[in-house]
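Have a look at the structure below, then the notes.
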Amino acid sequence: MTIKPPAWDRRISPHHPSASQRICSASQRLKQVASNAKCRAGAAAIELALLLPCLIPLGLAVIDCTRILHVALSVSVALQTGADAVATKGYAQDQVVRAQDEIEFLLEESLRAILPSTVSDLQAKVSIAKSPKETQISQLNISCRVPLIFTWGGLAKDPLINNSLTVRRHR
């Protein structure tokens with residue numbers, strides 16, 4: 001009497017591949033995977049070639065925007081420094097011209113220290129006036145241009161950053 005294996009036991013089934021057939025099919029699968037990897041590497045290179053012309057200008061635009069924001073924040077900090085100098089020092093009416101020159105120099109030097117080569121046409125203007133009620137009104141104004149790295153084919157011009165601050169000092 002012979003014992004038949006159960007129908008679910010595939011090891012003995014005549015349709016199941018032998019060990020040598022399994023090794024052959026495994027090597028064929030490895031070759032197929034390797035050829036697929038080569039095809040995928042080629043596809044990745046093509047995708048990169050298609051996307052790179054879009055990514056480079058996008059990266060340059062991001063760099064330009066961050067440079068503009070950096071200059072705008074630096075101008076704001078320089079104005080606050082100038083406002084502190086105006087508010088803490090009381091200037092007599094005969095010292096106004098000297099005070100204006102001094103604060104303009106302070107503003108320009110603080111910006112040049114922060115932004116050594118990223119701005120052009122840097123101008124700082126300070127006007128100090130006294131009102132009849134012994135109130136000193138100082139107007140500080142800074143303007144500069146930020147040269148762009150990428151001009152978008154002449155479509156974009158260097159942005160002008162202009163910021164002003166008014167300080168009122170009551171005696």
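The values are calculated or read from the model by the stated rules, or taken from the named source; none is laboratory data. Small disclaimer: the values here were computed from a predicted structure and weren't measured. Cβ atoms come from the backbone with ideal geometry, glycine included; neighbour counts cover every protein chain shown. Side chains are part of the model used for accessible areas, which takes the heavy atoms of the whole protein and leaves out ligands, DNA and RNA. Shrake-Rupley method; radii C 1.70, N 1.55, O 1.52, S 1.80 Å.
Taking all protein chains together and a probe of 1.4 Å, list PHE150, PHE105 from the most accessible to the least accessible.
Putting PHE150, PHE105 in descending order of accessible area: PHE105, PHE150.
Could you tell me the calculated FRET efficiency between ARG98 and SER143, based on Cβ-Cβ distance and R0 = 25 angstrom, to the nearest 0.05? Walk me through the numbers before you get to the answer.
Details: r = 23 Å, r/R0 = 0.91.
Efficiency, rounded to the nearest 0.05: 0.65.
Given R₀ = 30 Å, what would the calculated FRET efficiency be for TRP152 paired with ALA43, taking r from the Cβ atoms and rounding to 0.05?
Rounded to the nearest 0.05, the efficiency is 0.45.
With a ≥ b ≥ c taken as the square roots of the eigenvalues of the C-alpha gyration tensor of segment 69-156, please select rounded if a/c is under 1.5 and otherwise prolate if a/b is larger than b/c or oblate if it is not?
The shape class here is prolate.
Of the peptides 119-127, 48-56, how do they stack up when ordered by the mean number of other Cβ atoms within 10 Å, highest first?
Descending packing order for the listed peptides: 119-127, 48-56.
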